[in-house]
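Derivation of every value follows stated rules applied to the coordinates shown; laboratory data play no part. This one's a predicted model, so the numbers in the text were calculated from it and none came from an experiment. With ideal geometry, Cβ positions are generated from the backbone for all residues, glycine too; neighbour counts draw on all protein chains shown.
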Amino acid sequence: MTFAVNTLTYTADKFSPDSVGYMGPAATASVKDQFQLSRVAAKPTTLFSGVARSSIKLTRTLTLTGALTPTGEAIVQVSISIPVGASNAAVEAMCSDVGAFLDTANLGETVAKTQKIVF
């Protein structure tokens, strides 16, 4: 099983009941280029139906400039927690909104690179 992100193709490599790891084209024994898709099933109680959780994690080894080490791992992770019973439309709207935010040109400049949070 494979999927593409931009021009990169990721291939399923590691499987467990609630997680799949996908290796990217730059992955080697010493270089990471991997997506991990995970899920946690809802745990209902007598008073609450529970929440289903999912996460998407990209880990990539980067070449560093001006650092004490020549390489380092960068991680971008998105966590999703949806209460049981939420409508598909509501979930899709939230995912669309987050996707649009992640797609903004200034995300890397404001949040990722400089760690500035705009108030």
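Computed from Cα positions, the angle between helix 88-102 and the longest principal axis of the chain comes to roughly 20 degrees. For the chain, the mean residue ellipticity at 222 nm estimated from helices alone is -4000 deg cm²/dmol, where every DSSP H run of n ≥ 4 contributes -39500 (n - 2.57) and the total is divided by all residues, rounded to the nearest 500. For the range 2-85, the relative contact order is 20 percent, taking Cα pairs closer than 8 Å that sit 6 or more residues apart in sequence and dividing their mean separation by the residue count. Return the label of the correct value of percent of Cα pairs over 22 Å apart, as calculated from the structure shown, out of [x] 51; [y] 42; [z] 48. It is the one labelled [x]. For Gln34, what charge total do you get from the other residues with a beta carbon under 14 Å from its beta carbon, if Lys and Arg give +1 and Asp and Glu give -1? Around Gln34, the surrounding residues sum to +1. 3J(HN,Hα) along the range 23-40: 8, x, x, 8, 5, 9, 5, 10, 10, 8, 8, 8, 9, 10, 10, 10, 8, 10 Hz, from the Karplus curve 6.51 cos²θ - 1.76 cosθ + 1.60 with θ = phi - 60°, whole Hz, x for Gly and Pro.
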